[in-house]
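For reference, the structure discussed in these notes is given below.
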Amino acid sequence: MTTTNTLPLIRGVQNSPLEEYYTSGHRTCQGCESALTMKLMVKAAGPRSIVLGSTGCMYVANTTYYSTPWVVPWMHTQLGSSGSAATGTAAGLKALMAKQKIKDEPINVVSFCGDGGGVDMGLSAISASMTHLQYNHLVLCYDNESYAN
């Protein structure tokens, strides 16, 4: 049985957790709001999370050989497949839990995609993923309005 992970509300900077799950090691431009969005998103999701990232600027910035900012598991997905990758990952976790291969506990599956890979090419995959209510996952679309993902 998959349950939804209830996380404590973060009200203000003073109450945010000190743990960082997106740290140094990325190659983003100085002041990149995508990096800040990822840092805050995974901080809110917590340590029991798997992050999926589609092809784009953040994929290139986060996957330099032998250097990654991710403390939690991270997986690359193809440009238009954020929704289907999130559904497949959540379904795989649910199957492993049902077979008692891994502990049955809430694990957050978060898929991060840009405007091109999420709203244009990936819209059908994201729409299809929303029909599978038995799987716990979140698709986060970053819209920079430049189709730069």
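Miscellaneous remarks
- Subset of the stretch 60-80 that is of a type outside the set (S, T, N, Q) and buried (at least 18 other Cβ atoms within 10 Å of the Cβ) - its residue that is nearest to SER127 (Cα to Cα): GLY80
Yes or no, residue by residue, for (1) within 20 Å of THR77 (Cα to Cα); (2) assigned to a loop (DSSP other than H, G, I, E, B); (3) among the charged types (D, E, K, R):
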{"position": "LEU96", "(1), (2), (3)": "no, no, no"}
{"position": "LYS101", "(1), (2), (3)": "no, yes, yes"}
{"position": "SER111", "(1), (2), (3)": "yes, no, no"}
{"position": "GLY117", "(1), (2), (3)": "yes, no, no"}
{"position": "SER127", "(1), (2), (3)": "yes, no, no"}
{"position": "GLN134", "(1), (2), (3)": "no, yes, no"}
{"position": "TYR147", "(1), (2), (3)": "yes, yes, no"}
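- Search result, residues across the stretch 2-17 that are farther than 13 Å from ALA45 by Cα, assigned to a loop (DSSP other than H, G, I, E, B) and at pLDDT 70 or above: ARG11, GLY12
- Selection from the stretch 7-44 of residues that are among the small types (Gly, Ala, Ser) and within 21 Å of THR64 (Cα to Cα): SER24, GLY25, GLY31, SER34, ALA35
- Lone unmet requirement of (1) within 13 Å of the chain's Cα centre (by Cα); (2) on the phi < 0 side of the Ramachandran plot for THR28: (1)
- Members of the stretch 85-95 found to be within 14 Å of VAL139 (Cβ to Cβ) and buried (at least 19 other Cβ atoms within 10 Å of the Cβ), listed by number: ALA85, ALA86, THR87, THR89, ALA90
- Taking the stretch 50-59 as the range and being surrounded by 22 or more Cβ atoms within 10 Å (Cβ to Cβ) and assigned to a loop (DSSP other than H, G, I, E, B) as the test, only GLY56 passes.
- Residue in the stretch 110-125 that is surrounded by fewer than 18 Cβ atoms within 10 Å (Cβ to Cβ), of a type in the set (Asp, Glu) and under 30 Å from VAL13 (Cβ atoms) present: no
- The stretch 54-74, subset of a type outside the set (S, T, N, Q) and more than 21 Å from VAL119 (Cβ to Cβ), residue modelled with the lowest pLDDT: TYR65
- Hey, ALA61 closer than 19 Å to SER129 by Cα, touching a residue at least 24 places away in the same chain (Cβ under 8 Å) and aliphatic (A, V, I, L, M) or not: no
The values are calculated or read from the model by the stated rules, or taken from the named source; none is laboratory data. The model shown is predicted, which means the values in this text are computed figures rather than measured ones. For neighbour counting, all protein chains shown are included, and Cβ atoms are generated from backbone atoms with ideal geometry for every residue, glycine included.
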